[in-house]
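The values are calculated or read from the model by the stated rules, or taken from the named source; none is laboratory data. Predicted, not measured: the structure shown is a model, and the values here were computed from it. Note that each Cβ is placed from the backbone with ideal geometry, even for glycine, and that neighbours are counted across all protein chains shown. To get the accessible areas, we keep the full protein, side chains included, count just its heavy atoms, and leave off ligands, DNA and RNA. Shrake-Rupley method; radii C 1.70, N 1.55, O 1.52, S 1.80 Å.
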Amino acid sequence: MHYNWNWGILFALSPDGNTPYIDLLLSGLEWTVITGVCAWVLAFILGSIIGVLRTLPSHTAERLGFVYVEFFRGIPLIVQLFVWFFVLPDLLPVEWGSWIKQLRNGPFYTSVIGLAFFTSPRVAEQVRAGIQSLAGGQLRAALAMGLTRPQAYRYVLLPLAYRIILPTLTSEMLNCLKNTSVALTIGLMELTAQTRAMQEFSFQVFEAFSVSTLLYVLLNLAVVAGMRVVERSAAIPGTLAKAR
Amino acid sequence: MIDYQNVCKWYGDFNVLKSCSTHVNKGEVVVVCGPSGSGKSTLIQCANGLTPFQKGTITVDGVSVGDRHTNLPKLRARVGMVFQHFELFPHLTVIANLRLAQEKVLGRDKASATEKGMALLERVGLAAHATKYPGQLSGGQQQRVAIARALAMNPVAMLFDEPTSALDPEMINEVLDVMTSLAADGMTMMVVTHEMGFARRVADRVVFMDAGEIVEDTTTEAFFREPESERARQFLSKILQH
Amino acid sequence: MFHGFDYKAITDNLSYLLIDGLGFTLRLTLMAAIGATALGSLVAVMELSRNRLVSGIAVGYVNLTRALPLLLVIFWFYFLIPWVWQWVTGADRPTPVGAFLSALITFTLFEAAYYAEIVRAGIQSLGRGQMGAAEALGLRYPQVLAYVILPQALRNMLPVLLMQTIILFQDTSLVYVLSITDFLGAASKIANRDFRLIELYSFAAVVYLVISATLSAFVRRLQSRIAIVR
């Protein structure tokens, strides 16, 4: 193998004439984080609602939640993004469709929405599992005190369920961040897209990919460290969670 | 205060409660006992609508539990319930456990809910533990907190579902003592328990259940002196042996 | 809403879509799943090895792979494999190895990290008892793994492994970025050639959904049956 390494390329100017390649990669990282975080917040809200639906005594609610989960989990992310981006605007009334198509940052909004719907069933399944692991005793105790069902979820079941599923939620959050890379197919200039751009313009393939690999690893470590802090502050004294 | 009329309940094909009728008068302590699987826990859980039943009526303080128009949360707020496994909320401190329903259901402000809560913790001897979490307390202490939590709602009656079954033997008495003092204060109580000593000392009446039926419903004195049914006699001889 | 929906855009190209496209996707899924199970089991055993170096390599491999987006890894291998191939064969310049093989290597290596985590959890859930019992019979460590531990771990973990395979099946759609004619690639090529994006992408979504939902229903049934046997 005689590949010509040239790490200096990172600080060479990209074809636009005033930004070095490394800044392109960093701006990609920024879009990865912004898109991933926005999508995660939305997915967390949607997933919590659907997860709660699936634990209600109503058969209809359970069924509805099930169909939602199977639907958004059964189609690959890239296909979902294509549907949101290419198909949906044409199915809407003409004025709406063209308004969407002319939207600035269209790929960004589409990515956030697509990624959120793709991630939400995974969150929902976790939330459901967390609530079901409480095995009914806590719900009955809360109801017996006169709390309504929404109050019981708000003050007792959800705070406990979120604590139980925190480790798996962390890995879903990491998946959400990594999955932003798929949005390059609809034109989002996130980290992987910028890596590709650098590789195409500079021909220094492995420098570009090594640096973005490093950036992804650092991003992971940052999230994991952040969630450790959350886990520690959410730990309940006198329970196993403290020992972890 | 609590009145059961011909209450029937099925789990699928299984008939858990077979036309059960009994009552708890105001200020009365009624102990429900019987072999495991006899339906006694189900009976008590029907009283605040935690478990639905298919036939018959239960009225609590004049309100019908099975009626679809009954505001169940409102009814439950007036009936305290204590569970076998305590069911304290592990993510809330002891005092926050006592405050939660006072604030969210009764609409009390934080200061008065705290004051009420501290007074009750004092009463069960746990005021010093107010800021601890349930996981940091022993089982007996947790169950006393659970009793205080129920009392914080100023209930008109208290339901106890095997309150000492999950406790280590040395902790049973501290819980029974709290219950005894509650009874002495005139609280209306319905208690599912195997503690026959407690029943004998504190109960006004004993309801004996077997296989989903109320077999005996009589005064405590009569029940322990001369049970009418063979099934109750057998139950007593088994349980009093140890 | 479906005004002007041109079914012919799909039906005219059915054999290209299903035989060329979906055929590629299914072959890739199946072979990568088998490869990843084998490699994943090996990595899981290495992770649990008492040898620090061996377990360190395995843990590092799993953690690094799981930190990266699949798409980045696809590009990595797309550029890396020809160089490695050149080094192996002693050719005088980097040589492409073909779309299918390249994709297969990528997915096997990438998914192995995820399968390894599942197998490792399966092995650890067996506890020390089985290991001790088998060693007490005089079996050597590799025999214990091959005849006692792995068969049980894989069986217990079968539903989870299959769920991961459904994810793998969906993930293969990402080879689209290399202009490979997998199912999505085929749909996209016709979509752009005939200007029938709505029809083809809707069709792709439905086909993926039907296959994934069918498989996941099957896994749920399997799960409840295993639960009863236990």
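Figures for the structure shown
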| read-out | value |
| --- | --- |
| Segment C:158-209 versus segment B:109-125: alpha-carbon centroid distance in Å | 62 Å |
| 23 Å tail of the calculated P(r), chain B, as % of Cα pairs | 50 percent |
| Whole-percent carbon and sulfur share, accessible surface of segment A:27-194, 1.4 Å | 68 percent |
| Estimated FRET transfer efficiency when R0 is 22 angstrom, pair B:S138-B:S181 (beta carbons, to 0.05) | 0.65 |
| Fraction of accessible area attributable to carbon and sulfur, chain B (%, probe 1.4 Å) | 48 percent |
| Protein-only accessible surface order, largest first, of B:D13, C:D6 at 1.4 Å | B:D13, C:D6 |
| Projected label distance in nm at B:A127 and A:E200, using a 7 Å step from Cα toward the beta-carbon | 7.5 nm |
| Sites A:L91 and C:R140 - FRET efficiency at Förster radius 51 Å, r taken between beta-carbons, to 0.05 | 0.20 |
| Difference of contour (0.36 nm per residue) and Cα-Cα distance, C:S15 to C:W87 | 22.0 nm |
| Test item: C:198-208 mean partner chain Cβ contacts at 10 Å | 5 |
| Per-residue HN-Hα couplings for segment C:158-175 [Karplus 6.51, -1.76, 1.60; θ = phi - 60°; Hz; x = Gly/Pro] | 3, x, 5, 4, 5, 4, 5, 5, 5, 4, 4, 4, 5, 5, 4, 4, 6, 5 |
| Extension reserve of the B:K55-B:E103 stretch, reckoned as 0.36 nm per residue once the Cα distance is removed | 13.8 nm |
| For segment A:27-194: accessible area per residue (Å², 1.4 Å) | 40 Å² |
| Separation of alpha-carbon centers, segment A:149-169 and segment C:43-117, rounded to whole Å | 39 Å |
| Spatial separation of Cα centroids for segment A:188-244 and segment A:100-123, in angstrom | 21 Å |
| GNM top mover of A:A144, A:A161, A:A197 - chain A, alpha-carbon springs below 10 Å | A:A144 |
| Carbon plus sulfur fraction of accessible area for segment C:23-180, probe 1.4 Å, in percent | 66 percent |
| Estimated distance in nm for a label pair at B:A211 and A:L26, the labels positioned 7 Å out from Cα along Cα-to-Cβ | 8.2 nm |
| Using θ = phi - 60° and Karplus 6.51 cos²θ - 1.76 cosθ + 1.60, couplings along segment A:191-196 (whole Hz; Gly, Pro as x) | 4, 5, 5, 5, 5, 4 |
| Crossing angle, helix B:94-104 versus chain B [Cα axis fit, 0-90 degrees, rounded to tens] | 80 degrees |
| With all protein chains modelled, accessible area of A:K101 [1.4 Å, Å²] | 130 Å² |
| Of all DSSP beta bridges in chain B, antiparallel share, percent nearest 5 | 55 percent |
| Summed buried accessible surface, chains C and A, 1.4 Å probe, nearest 100 Å² | 3400 Å² |
| Antiparallel bridges, percent of DSSP beta bridges restricted to the protein assembly as shown (to nearest 5) | 55 percent |
| Cα-Cα pairs of chain A separated by more than 23 Å (percent) | 60 percent |
| Top of A:G17, A:G28, A:G51 by mean-square fluctuation, Gaussian network on chain A, Cα under 10 Å | A:G17 |
| Peptide-level mean, for A:85-98, of C-beta atoms on other protein chains within 10 Å | 2 |
| Length released on extending from A:R63 to A:A129, taking residue separation times 0.36 nm less the Cα-Cα span | 22.2 nm |
| Calculated FRET efficiency for the pair A:D16/A:R104, C-beta based, R₀ 22 Å, to 0.05 | 0.70 |
| Highest-fluctuation residue, B:D217, B:D185, B:D161 considered, GNM on chain B with Cα pairs under 10 Å | B:D185 |
| Accessible area buried, both sides summed, chains B and A with 1.4 Å probe, Å² | 2000 Å² |
| Nearest 10 degrees, 0 to 90: helix C:183-194 Cα axis against chain C principal axis | 10 degrees |
| Expected 222 nm ellipticity per residue - DSSP helices of 4 or more, -39500 (n - 2.57), all of chain B, to 500 | -11000 deg cm²/dmol |
| Cα-based equivalent ellipsoid of segment C:49-156: semi-axis lengths in Å, sorted from largest, via gyration tensor | 36, 16, 13 |
| Accessible area per residue, Å², segment B:64-181 with all protein chains present, probe 1.4 Å | 40 Å² |
| Two-site label geometry, A:L56 and A:L221: point separation in nm, points 7 Å out along Cα→Cβ | 4.6 nm |
| Assigned charges on the beta-carbon of Lys, Arg, Asp, Glu; chain B dipole about Cα centre (debye) | 700 debye |
| Residue-averaged beta-carbon neighbours from other chains (10 angstrom radius) around A:174-183 | 4 |
| Of B:K40/B:K132; B:K74/B:K116; B:K55/B:K238; B:K74/B:K110; B:K110/B:K132, those spanning more than 23 Å from alpha-carbon to alpha-carbon | B:K40/B:K132; B:K55/B:K238 |
| Contact order relative to length of segment A:27-194, as percent, for alpha carbon pairs under 8 angstrom and 6 or more apart | 39 percent |
| Cα-based helix-to-principal-axis angle, B:110-123 vs chain B, degrees rounded to 10 | 60 degrees |
